[in-house]
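The values are calculated or read from the model by the stated rules, or taken from the named source; none is laboratory data. As the structure is a prediction and not an experimental result, all values here were calculated from the model. Cβ atoms come from the backbone with ideal geometry, glycine included; neighbour counts cover every protein chain shown.
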Amino acid sequence: MKRLLPRALMAPAVTTLFLWMIVPLAMTLYFSLVRYNLMQPGEKDFLGLENFEFFVTDPDFGASVANTLLLLGSVIAITVVLGIALALLVNEPFPGRGLVRVLLISPFFVMPTANALLWKHMMMNPVYGVFAQVASFLGLAPVDWLTDWPLLSVILMVAWQWLPFACLIFITSLQSLDRDQMEAAGMDGANALQKFWYLTLPHLGRPIAVVVMIEMIFLMSVFAEIFTTTGGGPGNASTNVAFLIFKQALMNFDVGVASAGALFAVVLANIAAVFLIRMIGRNLD
């Protein structure tokens, strides 16, 4: 009876959560196996794996997967390296450190669409953007970032927004670094680089693994920045898997193919998650 009562009390919440996750997944699986186009809603013939075949043979599929992986790797590398550097800078006491920390964290709370519009008009506009003004001041030709370097532009936008998250995690971790050990290393003749390589960096192993895992899960679904700025172009230069699914679902009105793409994205995300969980497990040993 003592075991039954807690389980009965938790049953409604667990059931609701289970249905909330399973019902959309089951509907996506169903739509991926049938012909379901919004222009012809009455036709729902069973197709088997034809939707998956159509999605992976899309001319933009290879480029979208490559762009997704490049986006993931670049943003993670930028946020981890710069996040550690900024965390080390603001970890030391100096006047106004509290205000600087608040300013460092604030970009993380900017909505993705607002972030994209800010970079599109204030920073990367080839006429009046900050980058164009700096280039003109240096006597260089302004660059039309969203046309000439579309994927790099998206990477910069996303990295700017996720850098505060990584920096916050690293700052928090540095607070628990053993100061006595650092002082002992200094007394033994270790320089700043040796202290960082042998003491600070191993101490940040777990936070780095956590940052990589969380960012990889969320960056798989980057969409607002691409939709607001480049529209996946020019051509497919900045199209990722999430935007390709959008094009199939809302531009081609093909819910079946879009559902197949969504399941492909789920499988890709789970493969990445398993790999990262194992990596984190090794760091936690």
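Only one of (1) assigned to a helix (DSSP H, G or I); (2) closer than 30 Å to HIS121 by Cβ; (3) more than 16 Å from the chain's Cα centre (by Cα); (4) not hydroxyl-bearing (Ser, Thr, Tyr) is not met by CYS167, so which one is it?
Unmet condition: (3).
Scan the range 1-38 residue by residue and report those that are under 17 Å from ALA260 (Cα atoms) and part of a helix (DSSP H, G or I).
Let us first name the residues in the range 1-38 that are under 17 Å from ALA260 (Cα atoms), namely 22-38.
Those that are under 17 Å from ALA260 (Cα atoms) and part of a helix (DSSP H, G or I): ILE22, VAL23, PRO24, LEU25, ALA26, MET27, THR28, LEU29, TYR30, PHE31, SER32.
From the list VAL90, VAL81, VAL75, VAL100, exactly one residue is exposed (fewer than 15 other Cβ atoms within 10 Å of the Cβ), within 21 Å of PHE165 (Cα to Cα) and touching a helix residue (DSSP H, G or I) at 6+ places or on another chain (Cβ under 6 Å). Which is it? Please lay out each step first, then the result.
Values: VAL90 fails: exposed (fewer than 15 other Cβ atoms within 10 Å of the Cβ); VAL81 fails: touching a helix residue (DSSP H, G or I) at 6+ places or on another chain (Cβ under 6 Å); VAL75 fails: exposed (fewer than 15 other Cβ atoms within 10 Å of the Cβ).
Only one candidate passes the filter, namely VAL100.
Between THR68, THR28, which is on the phi < 0 side of the Ramachandran plot, touching a Ser or Thr at 6+ places or on another chain (Cβ under 8 Å) and among the hydroxyl-bearing types (Ser, Thr, Tyr)? Break it down stepwise before answering.
Working: THR68 fails: touching a Ser or Thr at 6+ places or on another chain (Cβ under 8 Å).
Answer to the check: THR28.
Scan the range 141-175 for residues that are touching a residue at least 12 places away in the same chain (Cβ under 8 Å), of a type in the set (Gly, Ala, Ser) and more than 18 Å from ILE214 (Cβ to Cβ) and report the count.
Of the residues in the range 141-175, 1 are touching a residue at least 12 places away in the same chain (Cβ under 8 Å), of a type in the set (Gly, Ala, Ser) and more than 18 Å from ILE214 (Cβ to Cβ).
Of the residues that make up the range 249-272, is at least one exposed (fewer than 12 other Cβ atoms within 10 Å of the Cβ), of a type outside the set (Val, Ile, Thr) and within 17 Å of the chain's Cα centre (by Cα)? Break it down stepwise before answering.
First pass over the range 249-272, keeping only residues exposed (fewer than 12 other Cβ atoms within 10 Å of the Cβ): 251, 267, 270-271.
Narrowing further to those that are of a type outside the set (Val, Ile, Thr): 251, 270.
Imposing the further condition that a residue be within 17 Å of the chain's Cα centre (by Cα) reduces the set to 270.
Checking the range 249-272: at least one residue is exposed (fewer than 12 other Cβ atoms within 10 Å of the Cβ), of a type outside the set (Val, Ile, Thr) and within 17 Å of the chain's Cα centre (by Cα).
Of the residues that sit in the range 26-50 and are polar (S, T, N, Q) and in contact (Cβ under 8 Å) with a residue 40 or more places away in the chain, which one is farthest from ASP254 (Cα to Cα)?
Taking the range 26-50 as the starting set, the residues that turn out to be polar (S, T, N, Q) are 28, 32, 37, 40.
Keeping just the survivors that are in contact (Cβ under 8 Å) with a residue 40 or more places away in the chain gives 28, 32, 37.
Details: THR28: 13, SER32: 10, ASN37: 4 Å.
It comes out as THR28.
List the helices (runs of 4 or more DSSP H) inside the range 178-278, counting only whole elements, that have at least 1 residues being out of contact with any Asp or Glu (no Cβ under 8 Å at 6 or more places or on another chain), within 30 Å of MET39 (Cα to Cα) and at pLDDT 85 or above.
Values: elements: 179-187, 192-195, 205-219, 224-229, 241-246.
Here the list reads 224-229, 241-246.
If ALA114 passes every condition in (1) under 30 Å from ASN252 (Cα atoms); (2) touching a residue at least 60 places away in the same chain (Cβ under 8 Å) but one, which one does it miss?
(2)
Determine if the range 187-208 includes at least one residue that is of a type outside the set (Val, Ile, Thr), without any contact (Cβ under 8 Å) to a residue 24 or more places away in the chain, out of contact with any Pro (no Cβ under 7 Å at 6 or more places or on another chain) and on the phi > 0 side of the Ramachandran plot.
Scanning the range 187-208 turns up at least one residue that is of a type outside the set (Val, Ile, Thr), without any contact (Cβ under 8 Å) to a residue 24 or more places away in the chain, out of contact with any Pro (no Cβ under 7 Å at 6 or more places or on another chain) and on the phi > 0 side of the Ramachandran plot.
With respect to LEU163, is the statement that it is modelled with pLDDT of 85 or more, in contact with a Phe, Trp or Tyr (Cβ under 9 Å, 6 or more places away or on another chain), surrounded by 12 or more Cβ atoms within 10 Å (Cβ to Cβ) and farther than 30 Å from ALA237 by Cα true?
Judged against the criteria, LEU163 is not a match.
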